[in-house]
Each structure stands twice: as structure tokens, then as C-alpha cells.
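In what follows, a structure is listed as C-alpha cells, so that the remarks can point back to it.
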Amino acid sequence: MGGVQGRLQDCERHGSSVSHDSDVSLSTAYGTEFSSSPPFSRRFNRSRCSITSSEDTTDDKPLRGCRPMPLQPLNRVPPHREGPPPPTPPFQPHPHGLAPPPPPPPGFGVSASNQRQTTPNRPQTPNHDLGYHTLISRSGQSQWNNDMKSGSFSTLSNTTSISRHSPARQMPSIPPSSVDSSDTEGFMTTNSSPYKGKKWGRGSGFDRLPDDVVLKIFSNMSSTQLCNMARVNRRFYALAWEPQLWTRINLSGEQLNADKALKTLTRILGRASPPFCPTIEKVALNGCSRLTDRGLHVLARRCPELKHLEIKGSALVTNSGIFELVSKCLNLVHLDVTGCSQITCIDGAPSHSNLPSTSRGLGLHSDPSHYPRPQLFLQIQYLDLTDCLGLQDAGLLVVVRNCTQLQCLYLRRCVHITDAGIKNVVSYCQGLREFSVSDCLQITDRGLFELAKLGPSLRYLSIAKCDQVTDAGLKHIARHCYKLRYLNMRGCETVTDSSVEALARSCSRLRALDIGKCDITDAGLRHLAENCPNLKKLSVKSCELVSDTGVQAIAYYCRGLQQLNIQDCIISIDGYRTVKKFCKRCIIEHTNPGFY
């Protein structure tokens, strides 16, 4: 013990200091084992005792019976820990694919016994005691460059303490210059993510995308897909319910409980501004046969900014649900109720199902004008009442009286509509641009005379299969509605070449014409070709009097033709080749197997 005390006194005279634990002294920690023996060397190395000198100590002799210790500052000495040393974990590649650390520069000594780095004695500052995460950030990169220029290096105290207290894997010290910027941003984004719970794989590139990019991807998904994405993890749950993704709701399926689905969606989306969902502007519930008036009531209460609604094939919806919707959603401009057979008008009158049996027995339900109703001033511009089989002239009168801003009205297969209903439409909807009464068998020339009062504002007209329409009504339309772009008179078998000639001379801006099953010949097609060179679509299906002459005239004058239907016509291969020669982009529909 005398030799040891003498050695310590020599160190104090040369400016050295002794560092050890505050609760265990040097004499009591080692006792009589402070002598030269092989076991003592290992125990002395784990004693956390080191000697630090401000001068060069390379010529000093080591203590007897132990190996020399690397010199370290006092504030670097960790607390004493008894027991066998933890195993040193083997080096493993970085989980983010970073390059291995560079070799240590000169002066960065490593002891073979404990693998500790020797650091020059310099003042401690916050910038010189950085963790691994700062080495791959921009601030860490500038600090690394400053250390390289000054020739000084610092020891990662965080890493050292982890290796002493637990066998966890140490993160290698890597200069920022050897780290890819993309990997750096991904590593930092993954570790700083505020979302917890399920996560993608550690190497997943999708998890590195910022929220703005993920929202852009989610914006292309349907409502059902967004609901499924919300079940993946907490991050997707928060992003999938962003209000900006829910400007529209699109649901379909016969087995879908549309009422419950609408209630749940609007409740979740209305958390930001309960109970309203101001971002929802479009709702499409096509094929939802289980949709009832309760679902429409939910939309009416919670979606005041609704502008577009489609409920095709919802046979359980009645007038009550429609009235509740249009009276609350004042910005509604597009309404499609195709296939809703119980809808007879758009007002506040009770539906047929809510009437007492005595009233139904008297037949009062057949005329909605018998019931008191408020006057509505709706902004609806597009209304599709196709296949509303219960719609009659009286109900149509209520519709057009409340929807005076209509521009598009479709009454396909509303078999109870007559010429009187068309007269009411023209009286209230002066700005009508598109009108369809296809398959309305009670429409005659008198109805066309009324439609002619719309004048040049009418651009689209469909009277397909109105077999009571003749040349007189069509000539009147051609004379007054000279800005027609689309005309469908398929199945009007009494229409002849005189009507086509009048249309060709008056409506030179015609783009699409369907004269299938009409009494048309090659002469009518020639007049059409010479006066309507901008024709894009033409159908002469089942026109038995049309031959190659008429088709060739169309192909020669109408070079921009895009679609031609010659099914069930007597057209040879010469006529087919002529169309292909002059109309390069034309799609020909035919039934001749020799054309293939």
C-alpha cells in the first residue's frame, strides 16, 4: 500500500487528479487485493477509477499489477457499477441503410481493453455533447465540419452510457456527408411522427411520405376506400377523416344500409362544426335500394351546403323526403331521382303511403294539386325524373312552378305526361336548354309546337319513340329552335326526308342526330351532309332505305365524323371503306360480319 500512496502523491505533484466514486474510497474498494495478480487487473479496470493529468503522461509508469488506463476528464467518469461487465454487442448494420462509420482520425485513440475513445481535455459545451440524431441533421453536419477543421472530436456520452447500463445496440457515429439526404429526412420523419399504434414496416417508403402527399393520394379514393384506410392505423385514421377529402360521398350497393351509413359519416365529419358538415357538396347513392326518407332527413339537417344529389333506384324514397331535402338545402342545383317510382312531385304534400285509406279510395292521391303546399323558390337547374312512373301533369306543374331556374329536365318513360304537361314546362321554365320526353307515348305535334316557343335557347331535344310525332311538328321545331345541337327522333316512323331537309337547312350547327327506324332515304342524308359539315355522331340504324350512296355522301362532307351507326342497313364493303378513308377517327357500328 505504501507504493500505491507514493505513486498517488507523485501524480498530485505533477498536476494530476484522482477520480472515483463518492461513496466508495480507493482503500476500502480494493483492500488487500491492491497487489499484482491476474484477477486484480480485470477488477481494477471495472472500478471506474482513472487518473487524469493536464501534462503528457506517456512516460509515467503504470501502477503495479494493472494495465494502463486511458486518460479522461473528471466530468466524463460514470458512476461505479459492481458486477461482471456486460458483453459488448457485435457491430450491426444501421437499420436505415446508412454507411458504416469512417476510420477514426489521428489522435482519436481506442483502448483495446474497454473500447473507449480518448478525448482531448477541452471545456464542455452543449454543442460538444450531441447524440446520434444530431449527426444526421443539418446542425449536426455543420458541427461535424467545424470539428474536422479544428482537429478536435467529442465523445458521445449518450451512447457510452447506454452501452454501460444495458446491452442495447449502439448507433454508429457517421458523418453527415456520407448519409443520403432522402434517407435522413425519412429517418427523422419516422421517429418524430406524432401518431402511435400500428405502423408500417421499418423500411416502408410510404410511411416516410408527408401528410400532404398522403392526402393527395387519398383524394383519389372513393368513400368506401377511405373508410377502409381509416382502419389501418392511427395516422391513417386522422388523415382519412380530413374534411377536405369529404366534399363528396359516393355509396352504392343493394345490401347497404344507406340510412345508417349517412348518419355515421355525417356524425364523424361534423365533429369540427357540430352538427353540420359544411364541406359535403355532392352525394351519390346509386343503387341503394334500402335508402328511405330518414336518410334524406339526415342530409337535410347536417349538409346545408349540398349542391349535387343522386339517388338512382331508391324505390322507398317518397315526396316527403324530397321536400325535406330541397327545403333545407337551398344551394341544391343538381337532383337525380331516376327510378324513384314513389315520387310524384317536389313539394310538401303527403305521399301516397301516408294518406288514409279513405283518401286513397277516393283517388285523391292521383292529383297532388288537391293538397296544400308552400311555395318554394328552388335553385335546381338539373332535374332527372326518369322512370318516375307515378309522375303526372299535375305533379309536373308543381315541379316546374317551384323550379323556375331549370335548364335540364329529363322525363324519360314518364308515360302519363301529355302535351298539357309540356305546355306547363314551357310556361315556367323559359331558360330550358335540354329536354327529353323519350318513350312518352302521349306526346304529339301539339307538344312540339309548345316546345318551339323556347326558341334558340333549346339545344338538346329527345323525342325518341314518340310515334305520334310527324313532319309538321319537327319542321316547326327546326324553324324556331335553329341552335339545336342534339336531336333524337329514333322510332318516329312517320318522319320522312322533308323533316331532315328542314333540319339540315335551319340547324346547321347540329352535332348529333339519331334518325334510326325513320322513313329516311339517301336524299335526306345528302341534304344533311351538305348543310351540316360539323356533324360528329349519326345513327341510321334500321333505316332500310339507306344505301352506300347516302353513307358515302356523309363520309365525304362530314370529315370530322366520330361515330356512325349503320346496324341493320344495306351497306356494302365499298361504303364501309369510303367511311374509313375520309373519316379517319370514326367508330362504325355495324352488323355485317364481312367488315371485320
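A few comments on the model shown:
- Counting residues in region 416-435 that are open to solvent by 10 Å² or more (accessible area, probe 1.4 Å) and in contact with a Phe, Trp or Tyr (Cβ under 8 Å, 6 or more places away or on another chain) gives one or more.
- The listed residue being open to solvent by 10 Å² or more (accessible area, probe 1.4 Å), within 20 Å of Arg413 (Cα to Cα), of a type outside the set (Val, Ile, Thr) and at pLDDT below 95, out of Asp445, Asp467: Asp467
- All positions within region 422-449 that are part of a helix (DSSP H, G or I) and under 18 Å from Gly395 (Cβ atoms): Ile422, Lys423, Asn424, Val425, Val426, Ser427, Tyr428, Gly447
Each row is one residue, and each column tells you yes or no for (1) of a type outside the set (Ser, Thr, Tyr); (2) surrounded by 22 or more Cβ atoms within 10 Å (Cβ to Cβ).
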{"residue": "Leu510", "(1), (2)": "yes, yes"}
{"residue": "Arg526", "(1), (2)": "yes, no"}
{"residue": "Glu530", "(1), (2)": "yes, no"}
{"residue": "Cys543", "(1), (2)": "yes, yes"}
{"residue": "Thr549", "(1), (2)": "no, no"}
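- Taking the criterion of being among the polar types (S, T, N, Q) and crowded, with 17+ Cβ neighbours inside 10 Å, the only residue of region 568-591 that qualifies is Thr578.
- Close pairs from region 557-576: first at positive phi, partner open to solvent by 40 Å² or more (accessible area, probe 1.4 Å) and not hydroxyl-bearing (Ser, Thr, Tyr), Cβ under 9 Å, at least 6 apart: Asp568/Lys541; Asp568/Glu544
- Selection status of Asn220, surrounded by fewer than 15 Cβ atoms within 10 Å (Cβ to Cβ) and in a loop (DSSP other than H, G, I, E, B): yes
- The single condition among (1) assigned to a helix (DSSP H, G or I); (2) under 46 Å from the mean Cα position of the chain (by Cα); (3) more than 26 Å from Ile463 (Cβ to Cβ) that Arg559 does not satisfy is (1).
- Every condition in (1) open to solvent by 10 Å² or more (accessible area, probe 1.4 Å); (2) among the small types (Gly, Ala, Ser); (3) closer than 27 Å to Pro533 by Cβ is met by Ser499 except one, and the failing one is (1).
- Some residue of region 422-432 being in contact with a Cys (Cβ under 7 Å, 6 or more places away or on another chain) and modelled with pLDDT of 95 or more: no
- Residue within region 266-273 that is in a helix (DSSP H, G or I) and either at positive phi or over 19 Å from the mean Cα position of the chain (by Cα) (or both) present: yes
- Helices (runs of 4 or more DSSP H) completely within region 283-393 that count 3 or more residues being open to solvent by 10 Å² or more (accessible area, probe 1.4 Å) and modelled with pLDDT under 90: 357-362
The values are calculated or read from the model by the stated rules, or taken from the named source; none is laboratory data. These figures come from a predicted structure and were not determined experimentally. So basically every Cβ, Gly included, is an ideal-geometry build from the backbone, and we count neighbours across all protein chains shown. For accessibility, only protein heavy atoms count, side chains too; no ligands or nucleic acids. Shrake-Rupley method; radii C 1.70, N 1.55, O 1.52, S 1.80 Å.
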